[in-house]
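Comments concern the structure below.
The values are calculated or read from the model by the stated rules, or taken from the named source; none is laboratory data. If you're wondering where the values come from, they're calculated on a predicted model, not measured in any experiment. Positions of Cβ are generated from backbone atoms using ideal geometry, with glycine treated the same way; all protein chains shown enter the neighbour counts.
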Amino acid sequence: MLQNKTFVKVLSVVLAVFLWIYVVSVENPTTKLKIPNVPVQLLNMETLTDRGLALTEDGEYYVDVVIEGKRADVLKIAANDISATANVLGYNLGTNNVPVSVTVPDSVSVSDVRTSMIPITIESLVSIYKPITVLFSGTIESGTEPTAFDLSPDEVEVKGAKSKVASVSEVTTTIDVTQLKTDKNILTTDLHAVDKNGNLVSGVKLSASKAYLTAAVFETKEVPLNLEVTGQVSNKFEVTSLNIPKKVKIKGLKDTVSKIQSVTAASIDISSISSTADIPVKVNLPSGIMLSDDSKHPVVSINIKGISVKEFDIDSSKIGFEGLAEGLSVVVNTQSVKVSASGKESVITNLTEDEIHLSIDLTDLETGIRTVPVKLSCDQTLSESSVTPSEIYITINEGV
């Protein structure tokens with residue numbers, strides 16, 4: 001009895017398999033199948049460019065397409081057999097929903113498109129020029145430095161949607177220093193637009209995809225710098241510090257560097273300097289010699305303070321008389337004068353009234369009421385000084 005039941009079960013399975021084969025192979029039923037990630041081709045992109053517009057996105061869009069047809073036909077279809085397009089003609093700035101049109105082989109039909117609309121964001125098309133930055137990867141021996149020169153082009157145009165272009169910090173090319181020799185190497189390298197964090201920025205176009213350059217591993221050497229600083233700043237200012245570089249690091253091929261004992265820079269005149277500044281130093285380098293990255297931008301640093309002002313109220317009794325004739329006396333009718341002194345902070349801070357001297361010249365003056373100018377002198381060097389009032393009234397009398 002048990003054997004009969006087992007036989008029936010096996011027979012049922014065999015019949016089911018034969019029935020499935022018959023349905024699939026002979027009947028070939030209608031079925032549906034989802035084809036994922038069908039790429040969408042954007043049409044009329046050139047019309048955006050002609051209107052000064054560009055897509056914010058990278059322009060890569062995908063949809064899932066559900067196809068329907070006889071099972072045998074459906075199973076033959078792959079994503080590359082399906083054409084999905086979206087026409088951007090006529091769309092303007094902002095986010096736009098663009099319908100997707102799908103075409104499939106005649107043997108099947110489209111049952112559904114997920115999604116049937118794709119969002120595209122359109123911005124202004126802009127461009128900027130960026131210098132090419134050469135980066136080096138890998139490590140090299142101490143006392144050497146990888147160097148690139150004869151770079152062509154030395155800058156490229158970056159073009160694309162406004163927000164994309166704005167995110168480009170620099171255009172870089174990278175050289176593996178372990179592949180460089182001490183002699184000059186002529187290289188062709190790829191260019192990449194990157195953001196401030198060094199990440200690649202997609203969706204922008206560079207006017208050149210490659211750079212042509214010469215690179216080498218140079219010897220470095222620190223040598224004395226002969227630099228003359230001339231002139232004096234105006235006496236209205238005080239130099240609080242003046243830092244002049246005494247050495248610079250140079251680089252070049254080993255045989256060339258070994259011959260260099262010092263380098264000279266163009267002299268710097270500080271007489272026209274009126275504020276704290278870093279003055280670039282122009283180093284005169286022999287042929288085949290460059291400044292090392294550590295000394296790429298040498299400067300003379302000068303710190304300057306502006307003038308200070310101090311005022312004194314000086315009693316007229318301290319005004320001296322010059323040239324008073326014998327037998328005459330003077331009465332100063334002005335009670336006091338105000339002296340304003342300006343100059344370097346270090347001078348003005350410590351300036352005292354005793355260091356200021358006022359006088360009037362009475363040469364050839366006769367008796368009577370007179371108006372005479374007040375002369376000022378100082379034991380310290382001042383930028384400017386003044387007396388208020390600049391003239392005072394005096395009375396010259398006979399006798400004491």
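Please work out which residue is farthest from the chain's Cα centre (by Cα), limiting yourself to segment 360-400 and to residues that are of a type in the set (Ser, Thr, Tyr) and within 16 Å of Ala325 (Cβ to Cβ).
As a first pass, look at segment 360-400 and keep what is of a type in the set (Ser, Thr, Tyr): 363, 367, 371, 377, 381, 383, 385-386, 388, 390, 393, 395.
Applying the additional criterion that residues be within 16 Å of Ala325 (Cβ to Cβ) yields 363, 367, 395.
On the way: Thr363: 69, Thr367: 76, Thr395: 71 Å.
Only one residue fits best here, namely Thr367.
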Please list, ordered by first then second residue, the pairs with beta carbon atoms under 6 Å, 6 or more apart or interchain, first in segment 315-334 and over 13 Å from Thr367 (Cβ atoms), second hydrophobic (A, V, I, L, M, F, W, C) and assigned to a loop (DSSP other than H, G, I, E, B). Phe321/Leu362; Gly323/Leu362
I'm checking my understanding of the structure. Among residues of segment 195-207 that are crowded, with 18+ Cβ neighbours inside 10 Å and out of contact with any helix residue (DSSP H, G or I) (no Cβ under 6 Å at 6 or more places or on another chain), which one is modelled with the highest pLDDT? Leu206
Which strands (runs of 3 or more DSSP E) does segment 98-191 wholly contain that include 1 or more residues that are more than 30 Å from Arg71 (Cα to Cα) and not small (Gly, Ala, Ser)? 117-137, 144-152, 155-161, 170-176, 185-190
Just wondering, is there one or more residues in segment 162-178 that are touching a residue at least 12 places away in the same chain (Cβ under 8 Å), among the polar types (S, T, N, Q) and touching a His at 6+ places or on another chain (Cβ under 6 Å)? yes
Scanning segment 179-234 residue by residue, those among the hydrophobic types (A, V, I, L, M, F, W, C), farther than 16 Å from Val158 by Cα and in contact (Cβ under 8 Å) with a residue 60 or more places away in the chain turn out to be Leu213, Ala215, Ala216, Val217, Phe218, Leu225, Leu227, Val229, Val233
Failed criterion for Ile244 (all others in (1) closer than 26 Å to Ser346 by Cβ; (2) surrounded by 15 or more Cβ atoms within 10 Å (Cβ to Cβ); (3) in contact with a Gly (Cβ under 8 Å, 6 or more places away or on another chain) hold): (3)
Do we find a residue being out of contact with any strand residue (DSSP E or B) (no Cβ under 8 Å at 6 or more places or on another chain), assigned by TED's automatic domain parsing to the domain that holds Pro39 and either modelled with pLDDT of 95 or more or among the acidic types (Asp, Glu) (or both) anywhere in segment 150-169? no
